[in-house]
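Working notes, structure below.
The values are calculated or read from the model by the stated rules, or taken from the named source; none is laboratory data. Predicted model, so just to flag it, every value in this text is computed and none were measured. Cβ placement follows ideal geometry from the backbone for every residue including glycine, while neighbour counts extend to all protein chains displayed.
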Amino acid sequence: MGLPYVILDQPRLFSREHILAIRTMFWWGNYFSVTLHVKGYMLDMFQVVISRHVKELAEAGFHIATSGDEWRHELEAENYAALTDGCIDPEGEYPFLKLSARCPLDKWNEAPEILLGLCKILIHALTAWD
């Protein structure tokens with residue numbers, strides 16, 4: 001990734017097979033980001049409810065990981081694509097799902113509110129079993 005970065009994972013559940021994390025990252029000289037990373041039984045548990053909130057997530061600026069490498073965090077075209085209806089496939093091309101949105105550095109003063117808002121949208125998408 002190059003330049004230094006700071007990461008906060010909350011919640012944080014990592015094992016070889018199963019992951020649930022909401023990652024807030026500050027990548028020096030680039031941007032802030034918020035990422036949902038789910039894998040294994042966590043993906044099985046949350047995929048349907050997340051797919052019900054694709055429109056809300058897309059409107060908030062979330063993108064879906066497309067590189068196949070779950071450890072690529074750079075929000076670039078070779079790693080992420082715009083989130084659209086139907087793009088969260090239950091059959092899944094990859095054994096994980098990552099959704100990520102950025103907050104540009106020119107929004108530095110508003111970053112706390114923006115990042116908190118993005119986290120709230122993710123938490124709503126995980127907990128709204130309507």
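Odds and ends about this structure:
- Test: residue in region 74-92 that is surrounded by 16 or more Cβ atoms within 10 Å (Cβ to Cβ), under 14 Å from the mean Cα position of the chain (by Cα), within 21 Å of L13 (Cα to Cα) and not aliphatic (A, V, I, L, M): no
- Here is the figure for region 25-37: residues that are farther than 15 Å from G61 by Cβ and touching a residue at least 60 places away in the same chain (Cβ under 8 Å) total 3.
- Meets criteria (out of contact with any Lys or Arg (no Cβ under 7 Å at 6 or more places or on another chain), of a type in the set (D, E, K, R) and at pLDDT 95 or above) for D106: yes
- Of everything in region 7-48 that is under 25 Å from P112 (Cα atoms) and of a type in the set (K, R), the residue that is surrounded by the most Cβ atoms within 10 Å (Cβ to Cβ) is R23.
- Hits in region 10-19 (condition: in contact with a strand residue (DSSP E or B) (Cβ under 7 Å, 6 or more places away or on another chain) and in a loop (DSSP other than H, G, I, E, B)): H18
- Filter result for the condition that a residue is of a type outside the set (F, W, Y), at pLDDT 95 or above and outside any loop (DSSP other than H, G, I, E, B), over I7, I22: I22
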